[in-house]
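The values are calculated or read from the model by the stated rules, or taken from the named source; none is laboratory data. Small disclaimer: the values here were computed from a predicted structure and weren't measured. The protein model used for the area step is the full one, side chains on, heavy atoms only, and it has no ligands, DNA or RNA in it. Shrake-Rupley method; radii C 1.70, N 1.55, O 1.52, S 1.80 Å.
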Amino acid sequence: MAMTDIRASPTAVVVGSCIAQLIDNITYTISFACLPHLFEDMKLASESQIGLVAAMFGIGGFLTSSLSGFVSDRLQSRKLPLVVGSIGYAICGCVLFFSHKLWHLLLYRLLNGMASGLVYPISTAAVGDVYPHKLLGLQMALLNVFNNAGYMIGPILGGAIYDHAGVRGVSTVVTVTDPC
């Protein structure tokens, strides 16, 4: 079986989409453990500043979700938004690595949301592309399982990495793992 045949198989699409959503949510949550320390180091005590940093993820996703769907439908390809989203995650890790000002954290969370807005809807759409309507329920449930697993793993992993290697360790993991 040729590599393109394997990648086009419904099972491969579901596995790839599940992994993409797992990584997406690990990346979203991995920094949670180190953000309070960054806020403290930067002397950011304002709840409005913290709220703004948290909101930037949603703003980023809002900006790219519809665009990624439009582009992938127009090109009849899911690959470009997924690749750009993966590169975006790597850039996020670099921004976090060098963060020492509020605007760095704002940019990190905005880019993180934008990357997620590219990866999440497209990985879901890819599953819908290869499964008939009557079989989609189980496949979407699997996506949700991996999605939620990322929410569970990310903060725990981020805390453990932060305890041993600090913010730079967390940002390195984000940079290295996401372009996979």
Suppose the Debye formula is applied to equal point scatterers at every Cα of the chain; what is log10 I(q)/I(0) at q = 0.09 Å⁻¹? -0.33
Once the in-chain neighbours fewer than 8 apart are removed, the lysines whose Cα is under 21 Å from K43 read K101
One finds the C-alpha centres of region 18-50 and region 106-180 to be spaced, in Å, by 14
Membrane-span-like helices in the chain: DSSP H runs reaching 15 Å or more (Cα, own axis), mean Kyte hydropathy at least 1.6? 79-97
Using a probe of 1.4 angstrom, how much of the accessible area of region 50-180 is carbon and sulfur, in percent? 74
Which of A126, A33, A165 moves the most in a Gaussian network model of the chain with Cα springs under 10 Å? A165
What's the whole-number percent of alpha carbon pairs in region 33-130 lying beyond 23 angstrom? 32
Specify the residue with the greatest mean-square fluctuation among L63, L106, L96, computed from a Gaussian network of the chain linking alpha-carbon atoms under 10 Å apart. L63
